[in-house]
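Only one structure is covered here, and it is reproduced in the block below.
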Amino acid sequence: MRIKLPIEIIELESSNYHVLVSSKMIDGTIDNWVIDTGASKSVFDKNLADFIAFTEEGAEELHAANMSEEPLKTSLGILKPLFFGKLKVENMKVALFDMNQINELYENVADIKICGLLGSDFLLRNNAVIDYKRKVLKLSV
């Protein structure tokens, strides 16, 4: 199955672009994800507990570039089913992280709130291709 999802490219600072894609959560709400090709693991905001099916505390250390020299302590989580377009994603494993500070930046600059970062684990598993010219994320599953 091939899926094309619209992406939004926002400029947080001069020449500092972030690529966003939306998902539909189990309750029908739409949330934004930052596509982060440099992140090895997808990350989800632990404050959005209604969308987390399972949590394993103290299981992971996340090395985040430019955020801290020390690894961030996170827990692992499995999300409730969600949709990226027609793609239903079940049992998505994520690192759970408090994204309040990150969301403050996004809200102040672009009036956008994000629920997480889509990392290389998701992008590779779904054979993702970012088409910047057409502003589309292509998934082949």
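Computed quantities for the displayed model
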{"quantity": "E107-S40 pseudo-label distance in nm [points 7 Å out on the Cα-to-Cβ vector]", "calculated": "3.2 nm"}
{"quantity": "Low-density loop positions, GluC sites (Glu not before Pro), the stretch 68-141 - DSSP coil, at most 15 other Cβ in 10 Å", "calculated": "E69, E90"}
{"quantity": "Neighbour net charge for L118 - beta-carbon separation under 11 angstrom, K R +1, D E -1", "calculated": "0"}
{"quantity": "Nearby lysines by direct alpha-carbon distance to K46 (threshold 29 angstrom, same-chain neighbours under 8 apart not counted)", "calculated": "K4, K24, K73, K80, K86, K88, K93, K113, K135, K138"}
{"quantity": "Segment I3-K135, extension gain: residue separation times 0.36 nm, minus the distance between their alpha carbons", "calculated": "46.2 nm"}
{"quantity": "DSSP-assigned coil residues among chymotrypsin sites (Phe, Trp or Tyr not before Pro) in the stretch 95-141, each with at most 16 further Cβ atoms within 10 Å", "calculated": "Y132"}
{"quantity": "Rounded to whole Hz, the Karplus (6.51, -1.76, 1.60) HN-Hα couplings of the stretch 121-138, x for glycine and proline", "calculated": "4, 5, 5, 5, 4, 10, 6, 6, 10, 9, 9, 5, 4, 8, 6, 9, 9, 9"}
{"quantity": "MRE, 222 nm, helices only [DSSP H, n ≥ 4, -39500 (n - 2.57), over the chain, to nearest 500]", "calculated": "-3500 deg cm²/dmol"}
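Read-outs: derived from the displayed coordinates by stated rules, not from any lab. Keep in mind that what you see is a predicted model, and the values were worked out from it rather than measured. Cβ atoms come from the backbone with ideal geometry, glycine included; neighbour counts cover every protein chain shown.
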